[in-house]
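I have placed the structure first, in the form of structure tokens, so that the comments after it can refer back to it.
Since every read-out is calculated from the coordinates, none of them should be taken as a lab result. Keep in mind that what you see is a predicted model, and the values were worked out from it rather than measured. With ideal geometry, Cβ positions are generated from the backbone for all residues, glycine too; neighbour counts draw on all protein chains shown.
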Amino acid sequence: MSEVVLQSIVKRYEAVPAVDNISLSIGEGELVALLGPSGCGKTTTLRMIGGFIPVTEGRILVGGRDVTHLPPNKRNMGFGFQNYALFPHMSVGENVAFGLQMRKVSRADIARRVKIALDRVKLAHLSDRLPKQLSGGQQQRVALARALVIEPDVLLLDEPLSNLDAQLRNEMKLEIRRIQQQLGITTIFVTHDQDEALSIADTVVLMRAGRIEQQGAPDDLFERPASHFAAEFMGVTNLLPGEVAGSDRFRLKGGDTILVPVAGRAGPHAFAIRPERLEIDGEASAANTLSAEVEIATYRGLVIDYRVKTPSGLCLTARRPSPAAGGPAPLPVGRPVRVSFAPEAGTLVPM
Ligand SMILES: Nc1ncnc2c1ncn2[C@@H]1O[C@H](COP(=O)(O)OP(=O)(O)OP(=O)(O)O)[C@@H](O)[C@H]1O
Ligand SMILES: [Mg+2]
């Protein structure tokens with residue numbers, strides 16, 4: 001059953017669309033990540049769902065009820081917004097209690113529910129502290145407790161991990177996922193970080209310029225990006241432009257022809273292949289082999305990225321395990337190499 005349904009929602013500022021006709025169904029208990037580059041309309045979409053800004057067109061349904069014109073406090077949603085500040089003069093406990101007081105919950109119930117919410121984010125022992133006496137990560141957790149304490153039907157989180165360092169971000173991400181699954185709360189999680197989206201979401205919705213570019217399960221987007229934009233955003237660094245040249249052939253710009261599954265496509269495309277799928281000096285019998293020379297070698301700890309160039313001027317990045325991960329000795333710059341790959345190691349995407 002769909003808990004949240006967006007029907008062709010549009011937000012225009014003056015005549016310019018920030019969100020341009022988005023339709024989406026989110027299942028009960030599902031975590032959807034809205035992913036996309038800065039300015040693509042993620043926050044605007046979330047704020048319309050929350051009722052903080054009116055839609056220009058379209059409808060929003062929650063649990064079958066039309067909430068399009070209801071104010072935020074009538075939608076029973078929990079919010080954790082980008083840099084959403086806590087009340088500085090209130091203790092942690094008072095911050096979390098605030099939403100319940102607004103809802104006229106009895107004092108005894110407030111005390112009980114605040115305790116549960118703070119336990120959930122492992123902060124019960126800091127209930128009397130002021131926000132300024134907490135670390136950034138602890139403040140984010142208070143904000144999460146405050147969003148959860150009202151037992152929302154829907155949880156809206158806008159880059160809730162953006163102010164945290166890498167380790168805390170990872171811990172908080174697991175925490176949010178754990179709590180969200182435990183309580184079965186339908187959640188919309190905004191991020192511009194593809195790795196974060198892939199690791200936390202049931203469904204990833206990739207946005208571009210106010211529209212949905214592609215949506216699907218994390219592995220779907222990662223392994224089968226459907227456009228040049230999606231491939232690039234999902235971290236496919238090799239996107240080689242060219243033209244379909246036969247039932248299983250693709251002619252790269254520069255002249256080299258490679259064997260790839262064409263699947264009925266025609267015309268200009270790009271061949272998208274991840275650096276991990278390019279083999280350096282592998283089996284000589286591979287279906288596709290290009291001669292090249294190492295231009296730049298970048299050491300990244302467990303892997304080394306080799307930027308190589310073919311005589312026709314094609315630049316590719318190939319990734320190999322470094323000696324630290326049991327890989328072969330590093331290759332020097334200027335070294336001639338053979339780069340090979342199987343036809344199905346990459347995909348064609350429309351230009
Ligand atoms: N109040 C406003 N008036 C005019 N334009 C606005 C307003 N708010 C947002 N926009 C525009 O709408 C577009 C989408 O903005 P939005 O904040 O939704 O992007 P975002 O995807 O959340 O980006 P970021 O990752 O940087 O937070 C942007 O081009 C932005 O400049
Ligand atoms: Mg934003």
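Worth a mention:
- Given charges at beta-carbon only (K, R positive; D, E negative), |dipole| of the chain in Debye: 980
- Modelled this way, with points 7 Å down the Cα-to-C-beta line, the labels at Arg249 and Phe52 are 5.6 nm from one another.
- Rounded to the nearest 20 debye, dipole of region 102-158 from Cβ charges on Lys, Arg, Asp, Glu: 240
- For the pair Ala324 and Glu14, the difference between a 0.36 nm per residue extended length and the Cα-Cα distance amounts to 106.1 nm.
- Residue order, fewest to most beta carbons within 10 Å, for Ser247, Ser127: Ser247, Ser127
- Mean Cα-pair separation over length for region 236-350, i.e. relative contact order, pairs under 8 Å, 6 or more apart, %: 30
- Derived scalar couplings ³J(HN,Hα) [region 274-289; Karplus, 6.51 cos²θ - 1.76 cosθ + 1.60; whole Hz; x for Gly, Pro]: 6, x, 5, 8, 9, 9, 9, 6, x, 3, 5, 8, 4, 4, 10, 9
- Residue order, fewest to most beta carbons within 10 Å, for Ile304, Ile273, Ile179: Ile179, Ile304, Ile273
- Mean-position separation - Cα centroids, region 271-301 and region 47-108, in angstrom: 51
- In order through region 168-177: 3J(HN,Hα) via Karplus (6.51 cos²θ - 1.76 cosθ + 1.60), integer Hz, x for Gly, Pro: 5, 4, 5, 5, 5, 4, 4, 4, 4, 5
- Arranged from fewest to most other beta-carbon atoms within 10 Å of their beta carbon, Lys122, Lys115, Lys11 become Lys122, Lys115, Lys11.
- Annotation: amide H-H contacts under 5 Å for Arg211 (H modelled 1.01 Å from N, sequence separation of 5 or more, or interchain): Asp20.
- Computed helical MRE - 222 nm, the chain, DSSP H runs ≥ 4 contributing -39500 (n - 2.57), nearest 500: -7000 deg cm²/dmol
- Across the options Leu278, Val262, Thr317, the greatest Cα extent toward the positive end of the charge dipole of region 236-350 (unit charges at beta carbon of Lys, Arg, Asp, Glu) belongs to Thr317.
- For region 197-286, the set of GluC sites (Glu not before Pro) satisfying both a DSSP loop assignment and a count of at most 14 other C-beta atoms within 10 Å is given as Glu283.
- Distance between the 7 Å Cα→Cβ label points at Ser2 and Ser135: 4.2 nm.
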